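Inspection log for the structure reproduced underneath, given as structure tokens.
The values are calculated or read from the model by the stated rules, or taken from the named source; none is laboratory data. Just so it is clear, the model here is predicted, and its values are computed rather than measured. No Cβ is skipped: glycine too gets one built from the backbone with ideal geometry, and neighbour counts run over all protein chains shown.
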């Protein structure tokens, strides 16, 4: 792995260092959008390219999401808040952030369509709401 692969994230409009880290462009109120930056995209790894060649496209996408989650987790402590979707990427970041306790930044998860899944997933989502 070549370093962290992430320099400081900056707001595209103002060029200043961001206080809120979003994993993709999201619609935020103007006062928050001025303080937000978008996490840069990762290049595909050799493993992901190999999986796609052998037609494991879904698995390659999941590996990419977990790699990105790890990078988001490593950068999260530099921000006041992080914004992620409710897919594998966002849920992995939430699971990694959990042991940090009160030192973790605010984590906003959007597009959580339902509490579908088994008892464990429903319990995890309900627990995150109460935390």
Among the residues of segment 78-96, which ones are assigned to a helix (DSSP H, G or I) and more than 13 Å from residue 23 (Cβ to Cβ)? 95, 96
Determine, yes or no, whether residue 50 is part of a loop (DSSP other than H, G, I, E, B) and either exposed (fewer than 12 other Cβ atoms within 10 Å of the Cβ) or modelled with pLDDT of 85 or more (or both). no
Got at least one residue in segment 54-77 being at positive phi, out of contact with any strand residue (DSSP E or B) (no Cβ under 9 Å at 6 or more places or on another chain) and not in a helix (DSSP H, G or I)? yes
Does residue 21 count as touching a helix residue (DSSP H, G or I) at 6+ places or on another chain (Cβ under 8 Å), surrounded by 13 or more Cβ atoms within 10 Å (Cβ to Cβ), over 20 Å from residue 109 (Cα atoms) and modelled with pLDDT of 85 or more? no
Before we move on, is residue 122 modelled with pLDDT of 75 or more and more than 18 Å from residue 26 (Cα to Cα)? no
Within segment 32-42, is there a residue that is touching a helix residue (DSSP H, G or I) at 6+ places or on another chain (Cβ under 8 Å), surrounded by fewer than 17 Cβ atoms within 10 Å (Cβ to Cβ), at pLDDT below 85 and part of a loop (DSSP other than H, G, I, E, B)? no
